[in-house]
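The block underneath contains the structure these notes are about, expressed in structure tokens.
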Amino acid sequence: DGLALRQTISAANETALYVLIIYVLLRFREQTLLVRIIGTLVVGVHLLSNTAAFVLPWFPSLPLPSNLNAWLLYEVNIFLIGSLLFTMLLILTHLWGNLRLANEALNAEIAERVQLQSQLAESFEKEVASRKEQQEMVRLVSHELRTPLAMINRSVEMIRFLDHMEHFKSIDSHARLKLPTPVPELTFRCDPDILLTVLINVVGNALKYSPEDSMVEIAIAPEGEEIVITIADRGIGIPEADMSQIGTRHFRASNTGEIAGSGTGLFHSLRFLDHLGGALRFHRREGGGTIAEIRLPSDTVNQTEQHQTEKGVA
């Protein structure tokens, strides 16, 4: 009883369900457009078939094939197979999308780890270079100073030989110094002890980094409002790449090799000259070697009749 009513209610529910499925498929943006079109076609064809099976019996005047029920059964089987294949397609595309996202995340993590490894390797190399530099500095300072007592003795000797450049006679290097002849008599105001300390450091470097049979030429001349003292040698020179770092604490040029030194002489000389209002510059000498320029401000120059009469006038 009531078969027609039950068929109508069932067809309406089925139609509403398939319409909802089609709506969801069209709105399911996470899937590709091709997958959504295939699912819509599978459900849409079955929806049309069910609608035809429900509507056609109400129009007996229409010519219907005698085997309509067989065709409807065949269509249901095709729909079930298509639904199964479409479900498998959904699962595969979902898994493929997850795999692609996981692969992208893995590649990003690998790139991040590679970058981190590169940074760690760079930091490690800097740390190794820093430790090596510290060890080298300790070795050089230990070689130069030996003990605190030796450091004190060296300072006492330096003070003792400050006047008249006696320091270089004490180390048998005065014969390699070529002074201007005659020495110009110039008067300028500065602290003589500080200036002599700077000269000992700069001239000492010129002697140390030059062959033992080469001369170190010293000259002094006025230049504008400055007194310029030049020390020219034929030594190993300063590499262009190291020129900007000369005078940095504990820095030594890359070509110094095994020549002993702590890299503090020029550092202190620059500080002393700053106190005097002067400057220290280095130039590459044509033919090999280095020219050091000590520039000092002068109050008066070329006054040969004045003599040094008080401390503080050099």
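The values are calculated or read from the model by the stated rules, or taken from the named source; none is laboratory data. Note that the coordinates shown come from a computational prediction; the quantities given were computed from them, not determined experimentally. As a convention, Cβ positions derive from the backbone with ideal geometry for all residues, glycine included, and neighbour counts pool all protein chains shown. All accessible areas refer to the heavy atoms of the entire protein, side chains included, with ligands and DNA or RNA removed. Shrake-Rupley method; radii C 1.70, N 1.55, O 1.52, S 1.80 Å.
Looking at the stretch 18-34, which of its residues are open to solvent by less than 70 Å² (accessible area, probe 1.4 Å), in contact (Cβ under 8 Å) with a residue 24 or more places away in the chain and among the hydrophobic types (A, V, I, L, M, F, W, C)?
Residue satisfying the conditions is Ile22 alone.
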Exercise. Looking at (1) outside any loop (DSSP other than H, G, I, E, B); (2) under 25 Å from Phe282 (Cα atoms); (3) at pLDDT below 85, which is the one condition that is false for Lys132?
Worked result: (2)
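To keep it simple, each residue is scored yes or no on (1) in contact with a Ser or Thr (Cβ under 7 Å, 6 or more places away or on another chain); (2) open to solvent by 20 Å² or more (accessible area, probe 1.4 Å); (3) without any contact (Cβ under 8 Å) to a residue 24 or more places away in the chain.
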site	(1), (2), (3)
Pro182	no, yes, yes
Val203	no, no, no
Glu225	yes, yes, no
Asp233	yes, no, no
Gly237	yes, no, no
Exercise. Across the stretch 290-312, what is the number of residues that are modelled with pLDDT under 90 and either touching a Lys or Arg at 6+ places or on another chain (Cβ under 6 Å) or assigned to a helix (DSSP H, G or I) (or both)?
Worked result: 1
Exercise. List, please: which pairs have Cβ atoms under 6 Å, are six or more places apart or on different chains, and start with a residue in the stretch 71-91 that is more than 19 Å from Leu34 (Cβ to Cβ) and end with one that is in a helix (DSSP H, G or I)?
Worked result: Leu72/Ala53; Glu75/Ser49; Phe79/His46
For this session: Sort out which residues of the stretch 1-17 are under 15 Å from Phe54 (Cα atoms) and either surrounded by 13 or more Cβ atoms within 10 Å (Cβ to Cβ) or charged (D, E, K, R) (or both), and write them in order of number.
Result: Arg6, Gln7, Ala11, Glu14, Thr15
For this session: With the checklist (1) of a type in the set (A, V, I, L, M); (2) in contact (Cβ under 8 Å) with a residue 24 or more places away in the chain; (3) surrounded by fewer than 18 Cβ atoms within 10 Å (Cβ to Cβ) in hand, flag the one item Ala241 doesn't pass.
Result: (2)
Problem set entry | Sole residue being closer than 19 Å to Leu90 by Cβ, in contact with a Ser or Thr (Cβ under 8 Å, 6 or more places away or on another chain), at pLDDT 75 or above and not aliphatic (A, V, I, L, M), chosen from Thr32, Thr51 | Thr32
Problem set entry | Meets criteria (touching a Ser or Thr at 6+ places or on another chain (Cβ under 9 Å), under 29 Å from Ala129 (Cα atoms), of a type in the set (Gly, Ala, Ser) and at pLDDT 85 or above) for Gly263 | no
Seminar exercise, completed: If we ask which residues in the stretch 210-222 are open to solvent by 20 Å² or more (accessible area, probe 1.4 Å) and free of Cβ contacts under 8 Å to residues at least 60 places away in the same chain, their number turns out to be 9
